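The values are calculated or read from the model by the stated rules, or taken from the named source; none is laboratory data. Quick caveat: nothing in here was measured; it's all calculated off a predicted structure. Positions of Cβ are generated from backbone atoms using ideal geometry, with glycine treated the same way; all protein chains shown enter the neighbour counts.
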C-alpha cells in the first residue's frame, strides 16, 4: 500500500478506475442503458454514456434517450431531428451525441429493455414520470438520478432517489458534481461524484458508464449527502451573490462560502445521521459549491438584488434576467427555512436563515455580513467541524 | 445541547466566543502584547489587537509594535511618523491603528515587557529575529505566528511555529485564514483560524485578542494543519491560474481547486499524522484556498504564464508584474516536489507534481488538465477522503 493511501486510510471501496475487471456475468448479460430526459444536461450525459458503451464490452452499444416530444419551428419533431442529425438541435446544438444514441419519444418503449435507467429531467416532472413507469420497467433495473433540484419539505427533504426507489421499487444511486453542462460538452476537464447506498458493484458500474479522461467520476457510500449537496449549494450561492453585489471582496465571499459549506454539512447530518463529512470534500461538495458561487444564475440574480439594495424583488429580477426561469436557490432557501423553523434550529443556521430573510425583504442585503449581534451567530456552530 | 451541536459532536473545546470568562489570575496580571512586524498584514493585525486591548480588562491597553526602521522620503523615521500620526503611512496608509499603539524600532525594548508576542514578518527574517530575541523575552511569554510563508525542506516543512518554539523555548500558536489585509483594514467581514498545540486556555486568549464582529476567529487543536494550509494553498493557486489562463471555465477551476485541497490534506497528513481533516473545512483551509484562487498574485502570474503558453518564464513575468516580489507558489511547488521526489510520493500527488513541472517548463500549461494518461492519475487518491 502506498504511503498516501495509508495515511488516508486507503478505502476498501476505491471506485475510480474506469478499467475495473468485468465479471463473466456482465460479459454474458450486457447492460442496456436508457436516459430518461434530453435537456441540456441530459444530452451531455447521454454523450458521455454513449462514448463509453461503444468501448466497454459489458454494455450494449445502443443508448436510448427518452425525448419529451416537441415540434420544432421547422415543423419537424425533435426526436426525429435528433435521430437524423445525431444532435439535440434544441438543447445541445453543435454537439454530436454519438451514432449509437436513439431518441425515443415513447417513454414506455424507451425504458422497456433497459436495466440501467438514468434520470435527468426537471425535478417537477419526476413524480409524473415515475407514475407512468410503474410496472413498465425491468425487474432487475437499476437507476441513477442526475437531478439536482429536489424539494425540501417541512418534514425533511423529498429526495429524488427515494422517490424513484419508492415508486418503482428499484435501487437508485445519484450523480452530482461541479458539472456545467456546456463545459463538459466541450470536453473540458471536470469531476463528478456517484453516491450509492449499499451496493458497491452497482456504483462501480455507474462509474464505468460515465467516466472519461475529461470526466473523472468517483463513488462514495452516501446517497443523501451527495444529493443534498446539489440542492443546498444554491442557497449558499444566493449568499455569495449578495456579497458580490455589495462588493465586499474575496475575503468575505470566501468566508460566506465556507460558512455555507459548514451549514450544508450540519443540515445534512441533522437530517441523515449517515451523511459523511468527507462527502463535502468531493466534487459534489466543495467543487460544485465553488462553481455555483463563481458563475451560475442564483449568484447572478442575487448580485443584482443586492446591487439594488433589495428594492427590486427576486420575482422582478428573475423575470428580467432569466426569461421566465425560476431560481432554485430562493425557493430552496424558503424550504430550508421552514424546516429550520419547524424544528427550532433557526439560530443554528444563521447563514441559511439570513439568506431567506433577505430574499423575502425582512432584512437588507447587508445583513449577510452585518457587524451586529447577528454576525457573531455565525460562530455558534463554529469549530464544530473539528471534532469527528 | 442544541441538536446541530449534537449532530456535529459538539466540541468540548468550543473557542469562538469573544466573551469568555476571565479568570482572577488574568484580572490581576494583565497581559501585555507586542507585535513583531509592521508591514501591511502586521499593521492590520495591530489595529485588530489594539481595538480589543482597550475593551478587554485582561489586557494592557498599550500594544507595542516593533518597526523595522526606515527613513521615509521626507527624511522622517517611519516609527516616529507612526507614533505621531497613528498610521503606518508606508504599509497601511489611511488607516488609524489606534492611539494605544506604540511603534518601537528597538526590537529588544519592544518585546521586553510583553508576555504575548505576535510574529508577523516576512518568513526569511524570522531566523535572524529569533536569534536576536534569545534571552531577551519574558520566561512566561506566549507566541503566535501569522507568517504564511514557511519553507518546505526535503526532510519536511520548516514550520515557523516550530522555529519559534525551538529557538525561544516558548509555546507558539498560529493564526491563518482568508485574510486579505486591506479588506480587513476596511473592516469587511472575514474569518480566521487559530491553531494550537495543547493549551486550550492560551488559544482562547488569542481568540479574544483578535476577535471582532467583522473578524471571526475560531481555534482548532492542529498547529501543523493550520500552518501548512497557509503555504500549500499557493501551489494550488498556481494551478488555478493556469486554468484561468487556458480559459477552461469554472468547472475545471473548481475541480483543480478541489483536487488541490485534497492534496493539501493528504500531504499534511503524511507529514504529520496529527493533522485533522476537519481543519481543511476551517477558514485557514477551504476559505483561504478560495480567496487565493480567486485573487492573489500567484494566480495572476500563473494565468499570464499559461496565456503565453509557458513561453515566458515565471522569472520574467514576476519581474514585469510584481515589481521584484517573488511568487511563493512557484518556490513552494519546487520544495514540495523535492519532498515528494525524495520520498517516492510523486505519483500520489499528480496536481502538485504537475504544477511544478509546468513551472519549470518540463510540461506545457495544458498538462494541468491534459486528457492523457496523466489525467486519470488525479483519481489515484480519489475517494480517499471518504473513509475516516
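Every residue, every condition in (1) within 11 Å of another protein chain (Cβ to nearest Cβ); (2) touching a helix residue (DSSP H, G or I) at 6+ places or on another chain (Cβ under 9 Å); (3) surrounded by 24 or more Cβ atoms within 10 Å (Cβ to Cβ), yes or no:
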site	(1), (2), (3)
B:142	no, yes, no
B:147	no, yes, yes
B:160	no, yes, yes
B:168	no, yes, no
B:179	yes, yes, yes
B:182	yes, yes, no
B:200	no, no, no
B:216	yes, yes, yes
B:219	yes, yes, yes
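Would you point out which residue out of A:326, A:300 is assigned by TED's automatic domain parsing to the domain that holds residue A:368, surrounded by fewer than 19 Cβ atoms within 10 Å (Cβ to Cβ), in contact with a helix residue (DSSP H, G or I) (Cβ under 8 Å, 6 or more places away or on another chain) and more than 28 Å from residue B:191 (Cα to Cα)? Walk me through it before giving the result.
Values: A:300 fails: more than 28 Å from residue B:191 (Cα to Cα).
Testing whether each residue is assigned by TED's automatic domain parsing to the domain that holds residue A:368, surrounded by fewer than 19 Cβ atoms within 10 Å (Cβ to Cβ), in contact with a helix residue (DSSP H, G or I) (Cβ under 8 Å, 6 or more places away or on another chain) and more than 28 Å from residue B:191 (Cα to Cα) leaves just A:326.
Condition first: in contact with a strand residue (DSSP E or B) (Cβ under 9 Å, 6 or more places away or on another chain) and farther than 18 Å from residue A:114 by Cβ. Now tell me which residues in the stretch A:131-157 satisfy that. Write out each step before concluding.
Residues of the stretch A:131-157 in contact with a strand residue (DSSP E or B) (Cβ under 9 Å, 6 or more places away or on another chain): A:133, A:137-138, A:141-148, A:150-152, A:157.
A:148, A:150, A:151, A:152, A:157, listed by residue number.
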Item checked: Among residues of the stretch A:148-185, those that are touching a residue at least 12 places away in the same chain (Cβ under 8 Å) and closer than 20 Å to residue B:254 by Cβ, counted -> 13
Checklist line | Residue identified as touching a strand residue (DSSP E or B) at 6+ places or on another chain (Cβ under 8 Å) and either in a helix (DSSP H, G or I) or not assigned by TED's automatic domain parsing to the domain that holds residue A:29 (or both) among A:230, A:201 | finding: A:230
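Restricting attention to strands (runs of 3 or more DSSP E) lying wholly within the stretch A:147-196, give those where 3 or more residues are farther than 16 Å from residue A:291 by Cα.
A:151-153, A:156-158, A:172-176
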Check: What are the residues in the stretch A:56-100 that are outside any loop (DSSP other than H, G, I, E, B) and at positive phi, if any?
Finding: A:94
Notebook entry, point to check: Looking only at the stretch A:186-198, which residues are buried (at least 19 other Cβ atoms within 10 Å of the Cβ) and touching a strand residue (DSSP E or B) at 6+ places or on another chain (Cβ under 9 Å)?
Noted result: A:189, A:190, A:191, A:192, A:193, A:194, A:195, A:196
Check: Can you tell me which residues in the stretch B:233-249 are without any contact (Cβ under 8 Å) to a residue 24 or more places away in the chain, more than 8 Å from every other protein chain (Cβ to nearest Cβ) and in contact with a helix residue (DSSP H, G or I) (Cβ under 6 Å, 6 or more places away or on another chain)?
Finding: none
Next item on the list: Among the candidates A:110, A:103, single out the residue that is more than 23 Å from the chain's Cα centre (by Cα) and assigned to a helix (DSSP H, G or I).
Entry: A:110
Check: Can you spot a residue in the stretch A:250-259 that is buried (at least 23 other Cβ atoms within 10 Å of the Cβ), more than 9 Å from every other protein chain (Cβ to nearest Cβ) and either over 17 Å from residue B:178 (Cβ atoms) or without any contact (Cβ under 8 Å) to a residue 24 or more places away in the chain (or both)?
Finding: no
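State whether the residues of the stretch B:320-329 include one that is without any contact (Cβ under 8 Å) to a residue 12 or more places away in the chain and closer than 23 Å to residue A:178 by Cα. Please lay out each step first, then the result.
Going residue by residue through the stretch B:320-329, those that are without any contact (Cβ under 8 Å) to a residue 12 or more places away in the chain are B:320, B:323-324, B:326.
With the extra rule that they be closer than 23 Å to residue A:178 by Cα, the set shrinks to none.
Within the stretch B:320-329 (the criterion being without any contact (Cβ under 8 Å) to a residue 12 or more places away in the chain and closer than 23 Å to residue A:178 by Cα), the answer is no, since none of the residues qualifies.
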Notebook entry, point to check: Of these, A:288, A:277, which one is in contact with a strand residue (DSSP E or B) (Cβ under 7 Å, 6 or more places away or on another chain), assigned by TED's automatic domain parsing to the domain that holds residue A:232 and buried (at least 18 other Cβ atoms within 10 Å of the Cβ)?
Noted result: A:288
Notebook entry, point to check: How many residues are within 15 Å of residue B:108 (Cβ to Cβ) and in a helix (DSSP H, G or I) when one looks only at the stretch B:124-145?
Noted result: 6
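Looking at A:8, A:69, A:76, A:13, can you tell me which residue is modelled with pLDDT under 50, surrounded by fewer than 21 Cβ atoms within 10 Å (Cβ to Cβ) and either closer than 30 Å to residue A:136 by Cβ or within 12 Å of chain B (Cβ to nearest Cβ) (or both)? Lay out the reasoning, then the answer.
Numbers: A:8 fails: surrounded by fewer than 21 Cβ atoms within 10 Å (Cβ to Cβ); A:69 fails: modelled with pLDDT under 50; A:76 fails: modelled with pLDDT under 50.
Within the list A:8, A:69, A:76, A:13, the selection yields A:13.
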